[in-house]
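Inspection log for the structure reproduced underneath, given as structure tokens.
The values are calculated or read from the model by the stated rules, or taken from the named source; none is laboratory data. These numbers were taken from a predicted model, which means no experiment stands behind them. We place every Cβ from the backbone using ideal geometry, glycine too, and count neighbours over all the protein chains shown.
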Amino acid sequence: MILIQVIGAFIAVVSVAITFGVPKKFLTYSGIVGAIGWFIYLIFEKTGLSSVSRMFLAALVVALVSHSYARLKKAPVTIFLIAGILPLVPGVGMYRIVYSILTNDNALAAFYFSETMQIAGMIALAIFIMDTIFRNFQKN
């Protein structure tokens, strides 16, 4: 089941990368970044970590691999990062918020809102941390 989800993440990321206009020679690498991120998220699911913690770790790995590919392929990091982070974006959380509001379940809507904002914050924090680490090594 994990393999199917990882392959699905790869295909989704490559599709979005095509839409975003990523050069053809980087499409596979963008897909690999997204697949690795989703794989990390799924692997840590078995450990009992919260979804917010798993998302932070997965986003950290996505940022690390994106920066690594950018250095290896001499390309901007955003080519790999923007498309590669796609599987981790909390779209289901946004759907659940709206659905809970429409069904008048305000407590559940508040829970999903809080969780979605935490996940989005962890993604941003992971990208910031990895970017800071790479910038510090680049200066030295």
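Here is a yes/no grid of residues against (1) part of a loop (DSSP other than H, G, I, E, B); (2) among the polar types (S, T, N, Q):
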{"residue": "N104", "(1), (2)": "yes, yes"}
{"residue": "L108", "(1), (2)": "no, no"}
{"residue": "Y112", "(1), (2)": "no, no"}
{"residue": "Q118", "(1), (2)": "no, yes"}
{"residue": "G121", "(1), (2)": "no, no"}
{"residue": "F128", "(1), (2)": "no, no"}
{"residue": "I133", "(1), (2)": "no, no"}
{"residue": "N136", "(1), (2)": "no, yes"}
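Quick check on T47: is it surrounded by fewer than 20 Cβ atoms within 10 Å (Cβ to Cβ) and farther than 18 Å from I123 by Cα?
On the way: surrounded by fewer than 20 Cβ atoms within 10 Å (Cβ to Cβ): yes; farther than 18 Å from I123 by Cα: yes.
Taking the combined requirement at face value, the residue satisfies it.
Here's the yes/no breakdown for (1) within 23 Å of I7 (Cα to Cα); (2) charged (D, E, K, R); (3) crowded, with 21+ Cβ neighbours inside 10 Å:
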residue	(1), (2), (3)
I36	yes, no, yes
L42	yes, no, no
R54	yes, yes, yes
A63	yes, no, yes
L72	no, no, no
N104	no, no, no
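Test I43 against the stated conditions and say whether it is assigned to a helix (DSSP H, G or I) and touching a residue at least 24 places away in the same chain (Cβ under 8 Å).
Details: assigned to a helix (DSSP H, G or I): yes; touching a residue at least 24 places away in the same chain (Cβ under 8 Å): yes.
So I43 passes the test.
Consider only pairs whose beta carbons are under 8 Å apart and that are at least six residues apart or on different chains; among these, list those whose first residue lies in the stretch 108-121 and is surrounded by fewer than 18 Cβ atoms within 10 Å (Cβ to Cβ) and whose second residue is of a type in the set (D, E, K, R).
Sorted first by the residue in the stretch 108-121, then by its partner, the pairs are L108/R96.
Against the condition modelled with pLDDT under 95, in a helix (DSSP H, G or I) and within 10 Å of the chain's Cα centre (by Cα), how does A83 come out, does it pass? Even if it seems obvious, please write down each step before you answer.
Details: modelled with pLDDT under 95: yes; in a helix (DSSP H, G or I): yes; within 10 Å of the chain's Cα centre (by Cα): yes.
So A83 fits the description; yes.
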